[in-house]
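See below for the structure under consideration.
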Amino acid sequence: MTEKYNMPDDRGHFGNYGGIFVAETLIPPIQELNEAYQRYLKDPEFIAELSADLKHYVGRPSPLYHAQRWSKHLGGAQVYLKREDLNHTGAHKVNNTVGQALLAKRMGKTRIIAETGAGQHGVATATVAARLGLECVVYMGSVDVARQSLNVYRMKLLGATVVSVESGSKTLKDALNEALRDWVTNVDNTFYIIGTVAGPHPYPAMVRDFQTVIGHEAKQQCLEATGRLPDALVACVGGGSNAIGLFHPFIDDTSVALYGVEAAGDGIETGRHSAPLSAGKPGVLHGNRTYLMSDEDGEIIETHSISAGLDYPGVGPEHAWLKDSGRANYVSITDTEAMAGFHALTKMEGIIPALESSHALAYTMKLAPTMKQDDIIIVNLSGRGDKDMHTIAQREGIAL
Amino acid sequence: MSRLAATFEALHKSGRKALIPFITTGDPNPDFTLPLMHAMVAAGVDVIELGIPFSDPMADGPVIQRASERALAHKMSLRRVLVLATEFRKTNQQTPIVLMGYVNPIEIFGYENFANAAKLADVDGILTVDLPPEEASEYGSLLKARGIDPIFLLAPNSTDERIKKMDALGSGYLYYVSLKGVTGAGHLNIADVEAKLQQIRANTRLPVAIGFGVKDAAMAKTIADIGDGAVIGSALISKIEANLNDLDTAKHEIIALLTAMRHAMDA
């Protein structure tokens, strides 16, 4: 790459991907949002307030931890963990909700809506809404409401209204549909906080920009700790916000290999997975063109993953671009492999990871042994595993 | 002149307005749609909007969402919608058909393949809900080159600039979404619709059909008087949903409502 990476273009396109594919009523609020985002991103006062919130409320910078025991066990590259699990609310999601909530406040919006799958983004949104005294409505598929009841209760404690969505497959994609329907109905006073790098422009770029704090910190911390850049970055990809947050500041550093890890569920060959980059094809959903899981008639296919946070048929359009351009590699990890990653980190390092992040850990178990002992891998430990205790116990036949 | 342009011109000359029903193709089953289309024509409708069922209908309210789910349960698809349109044309060469749906089925079909197939099926217009003009220029040209009208939506918050854009890219008619919300939503504010139509008229000479929230004959007349036509969707589909075990009654109630609307609009 000779030119500095500078995606998307001013219409939100990452090559053939991204863009604005929404019904007409949403065009004016999207334009309003884009103008506000462009303005405040360059506003020193906004940046200062965001930085202060990230430091004092979220608890940044998150540590870059050298997992020495696990590295030695794997017998290859040195593995460093970017500890997003230590953020307030327990995942990287809050980096973005803090940013978008400040934007909502600046724009004079009094009502916040969000979609959520596992509930992490819903909790992170309810958290910032509570702090700013804004009304908050979170849409969640009824299937997810049932399997993530703890997060539903957390959101309610924080003062949010959780709406259980009964349409379609009753999971994350349907929650997103319902949030879009709410937004189109309440455009005048409502700010829609999308939780991942998907949706119509400017969301993929804006959410990425709020998440790049992960990569910027990691780069500086790696240089301080080792005196050089890492050789590889590994992150799980559902919508892809934690991955793009880590990858983006390294895109022009072509010596750094990028690995995005999708959820292979029961295995790509079974069709029961959530891996559009590995096994899907380009299409249009939720406001952007990207790799999607849809059938030969263009209907969206139901997805499967042990991890509710990766259970989504699309992926951020920038990942689609990074895949086609060859800059990033996209691989996949099954439910069973993810469980092995989960147990490995828990036992070797005393850190209980989220099931989403366990996909990145499981791929690291394959990658590290193929590399030299002075090579460096940074893995994004995007969230902590407390929320997954019931899922894991159930899978392993243990009654809590 | 396209079939849609001719239809609106003839209506205009006779001082009448277009009655435009929307039904989801294949709801509640694939056999129900074709006889219903012919019956609606007999009841005096001017244009038929055929919904292409989609798994993720983001702009639709619960009534049309469930219609999509019922149709998809019978494996209704874009391909089969085109087959059904072809069947309809065998005995009706006059009534314009507009396909209305979301972009992904068309994207997966392939834009040029779809434009060719739609031409072959003798479809008259295509309304793609989540394809705004910014993303639609090539697709719009493909349709227009085949004599098919690309129909665009206008909303209560559309600016002069955007209305001009739709006027330039669209043809046949423009579809004014009369309220901020999803299909079948609550109450229309007539004064707001009147004011908006003045703004729209100032920026386009295309006919304007008005929809979202038209529920009964009185409302259809009021709305049609303001624009060039009224679109009725959820109110019709509700009749299907209320009579899933007695589809003859469903069809009868749909025709009765459309007949009442026709009379009110022509009075």
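Take the Cα pairs of segment A:150-201, get the Kirkwood Rh, then feed it into Stokes-Einstein at 37 °C and 0.692 mPa s and tell me D in µm²/s. Walk me through the intermediate numbers first.
On the way: Rh = 12.5 Å.
In µm²/s, the coefficient is 263.
Computed per residue of chain B from DSSP H runs no shorter than four, each worth -39500 (n - 2.57), the mean residue ellipticity at 222 nm is -16500 deg cm²/dmol.
Using only side-chain charges placed at the Cβ, +1 for Lys and Arg and -1 for Asp and Glu, the dipole size of segment B:3-266 relative to its Cα centre rounds to 460 debye.
Placing a pseudo-label 7 Å from each Cα along the Cα-to-Cβ vector at B:ARG89 and A:THR370 gives an inter-label distance of 5.3 nm. Please give every one of the aspartates and glutamates within straight-line cross-link reach of B:LYS215, meaning a C-alpha to C-alpha distance under 16 Å, and leave out same-chain neighbours fewer than 8 residues apart. B:LYS215 reaches B:ASP60, B:ASP225, B:GLU241, B:GLU253. Of all lysines in the structure, those lying under 21 Å Cα to Cα from B:LYS119, and not within fewer than 8 positions of it along the same chain, are B:LYS90, B:LYS144.
How would segment B:3-266 be classified by its alpha-carbon gyration tensor: rounded, prolate or oblate, with rounded meaning a/c under 1.5 and the a/b versus b/c comparison settling the rest? Since a/c stays below 1.5, the shape of segment B:3-266 is classed as rounded. Structural descriptor for segment B:3-266: relative contact order 22 percent, calculated from alpha carbon pairs under 8 angstrom and at least 6 residues apart. When a/c is below 1.5 the answer is rounded, else prolate if a/b is larger than b/c, else oblate, so apply that to chain A with a ≥ b ≥ c taken from the square roots of the Cα gyration tensor eigenvalues. It comes out rounded by the Cα gyration axes. Amide H contacts under 5 Å for A:LEU258: A:LEU233, A:ASN329, restricted to partners 5 or more places along the chain or on a different chain, H placed in the peptide plane at 1.01 Å from N. Take A:12-20, A:220-228, A:33-41 and order them by the average number of nearby Cβ atoms within 10 Å per residue, most first; the result is A:12-20, A:33-41, A:220-228. With a Förster radius of 51 Å, plug the Cβ-Cβ distance of B:SER2 and A:LYS42 into 1/(1 + (r/R0)^6) and report the FRET value to the nearest 0.05. Efficiency computed from Cβ-Cβ geometry: 0.60.
For the pair segment A:281-324 / segment A:218-253, the C-alpha centres are spaced 23 Å from each other. Under the convention that each Lys and Arg Cβ holds +1 and each Asp and Glu Cβ holds -1, the size of the dipole of segment A:182-310 around its Cα centre is about 340 debye.
Considering every residue in A:13-24, what mean count of other chain Cβ atoms within 10 Å of its Cβ is obtained? It would help to have the intermediate numbers written out before the result.
Values: counts 1, 0, 0, 0, 0, 0, 4, 5, 13, 7, 13, 17.
Other-chain Cβ atoms within 10 Å of each residue's Cβ, averaged: 5.
With each label modelled as a point 7 angstrom along the Cα→C-beta vector, the B:LYS144-A:ASP386 pair spans 5.8 nm.
Counting, for every residue in B:71-84, the Cβ atoms of other protein chains within 10 Å of its Cβ and taking the mean gives 1.
Of the complete DSSP H runs in chain B, those spanning 27 angstrom or more by Cα along the long axis with a mean Kyte-Doolittle score not below -0.5 are B:247-266. Place a label point 7 angstrom from the Cα of B:ARG201 along the Cα-to-Cβ direction, then list the residues of segment B:14-53 whose backbone nitrogen is under 18 Å away. What the label zone holds, given the 18 Å backbone N cut-off, is B:14-18. The mean number of partner chain beta-carbon atoms within 10 angstrom of a residue's beta-carbon across peptide B:101-109 is 6. The modelled label-to-label distance for the pair B:ASP246/A:ALA279, using points 7 Å beyond Cα in the direction of Cβ, is 4.7 nm.
Every number in this text was worked out from the coordinates using simple rules, so none of it is lab data. Since we're looking at a predicted model, the values are computed, not measured. All Cβ positions, even for glycine, are placed from backbone atoms using ideal geometry, and neighbour counts span all protein chains on display.
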